[in-house]
Structures are given as C-alpha cells and as structure tokens.
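Following: one structure in structure tokens, then a few remarks.
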Amino acid sequence: MTIFLRILLITVFLILQTTILSPSRLYGVRIDLILLLTIFFGLYRGEIQGGLTGFMGGILEDSVSGSLMGTGTLSKTVVGSLSGFLGTKLYQKNILVQLVTSFVLILIHEILYLSLIFFYKMASPLLSAAFKVTAITVLINTLLSPPFFWGMKRIFGRWQGSHQPSEQRDRWRRRRRRRISFHTRTKRTRKV
C-alpha cells in the first residue's frame, strides 16, 4: 500500500471521526478510527507499518484537532509499533486475542495521551472526569475493534485482488513455485 493511499484512508477516517463520530455528539466519548487503523496495521502488517500509520494519523489528527501538537503523534506511533511487535507474537485470528490486545493497546494510548496532556497543561482538577470518559472510550473502542479489523481485512483482501486468507495464498504460491521449478528441471534434463 502506497503512502498516498494510506494518507487518503487516514484522511477519510479523520473526516468521519471529526464530523459524524465527534465526541460532542456521543456525550464526550471518542471513537478513534485512526487508532483502530493504527492497531490494525501494526497487528497485520508489522511494526514499521503500524508505527508509520500511527505517525501519519497522529500528525493529521493533531493538526486538525487544535490540541497540543505531538501528543497524538507520539501516543499513536508508540501504540502502532507496539501492536506490530505483539502481532508477530500472537495469533490474531482469535476474537478474544483481538479484544484483549486492543484493550491493552487502547488503554496504553489513552494513558500516554492523557499523561502528555496533563504534563504540558498541568490541568489536574479535571483528572477524575477525564478518567471516567477515558474508561468509556477504551471500552467502546475495544468493542469496535473486531468488526473494524474484519472490515479492514475484507477491504484489503479485495484491494490486493485475493479473496483467500494469506496462509492459503502463500501455500498456493509455494506449490506453484515447486511445479515451475520441477518443470524447468525436467526440461533441462531432457535436453542433455
């Protein structure tokens, strides 16, 4: 996936996140589609892809939101890289693993994001209210992660021109290579 398409996807999710799914319409709860996209790329594409998606999404989100520049960028980049690391260690197809991994990563993002905000702005009187909204945000984003991952896998599977799961596709490619190499070996031995 090229950088241009990734930025386009992040921009579409950012527009959705700031208009239809804005926190003012949902009683202060943020549905963070860019964070879910970052976790998806980290789990299914690796550390570099997750970190890059988190960095680009964080910069775009920080520039549009008007909040402190760099807080979303840093927290999303850390979560993207961490999800890429966990993606190599965990079995991602199990929904329970997806839920637990998403819960932990979203919680890390929210704690890191809030600590950076409170560190720079030094606003501690609103700490209890922020943690209540954060708990609800973590819960809702965690529950949205399995359907979101399923939809993204469907979209990217079709975008790559394949409807087969990656393991089956890789197995098919290996068989095809064996057949081709077998036929080229037999042709060489016949000529000799």
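Here, each number is a calculation from the coordinates, and none is a lab measurement. Note that the structure is a prediction, hence the values are computed from the model and not measured. Counting neighbours? That spans all protein chains shown, and the Cβs are built from the backbone with ideal geometry, glycine included.
If you take the beta carbon distance between L99 and R177 as r and set R0 to 45 Å, what does 1/(1 + (r/R0)^6) give as a FRET efficiency, to the nearest 0.05? It would help to have the intermediate numbers written out before the result.
On the way: r = 37 Å, r/R0 = 0.82.
So the FRET efficiency works out to roughly 0.75.
When I39, I155, I59 are ordered from fewest to most other Cβ atoms inside 10 Å of their Cβ, what list results? Write down the numbers at each step before the final one.
Details: I39 32, I155 11, I59 17.
Listing I39, I155, I59 from fewest to most nearby Cβ atoms yields I155, I59, I39.
Stretch F156-L68 to full length: gain in nm at 0.36 nm per residue minus the Cα-Cα span? Spell out each step's value before the answer.
On the way: separation 88, 0.36 × 88 = 31.68 nm, distance 3.27 nm.
So the extension gain works out to 28.4 nm.
Report, in debye and to the nearest 20, how large the dipole of region 3-161 comes out about its Cα centre when Lys and Arg carry +1 and Asp and Glu carry -1 on their Cβ.
With only Lys, Arg, Asp and Glu charged at Cβ, the dipole is about 380 debye.
For the pair T11 and K132, what calculated FRET efficiency results from E = 1/(1 + (r/R0)^6), where r is the Cβ-Cβ distance and R0 = 25 Å, to the nearest 0.05?
Working: r = 31 Å, r/R0 = 1.23.
For K132 and T11, the calculated efficiency is 0.20.
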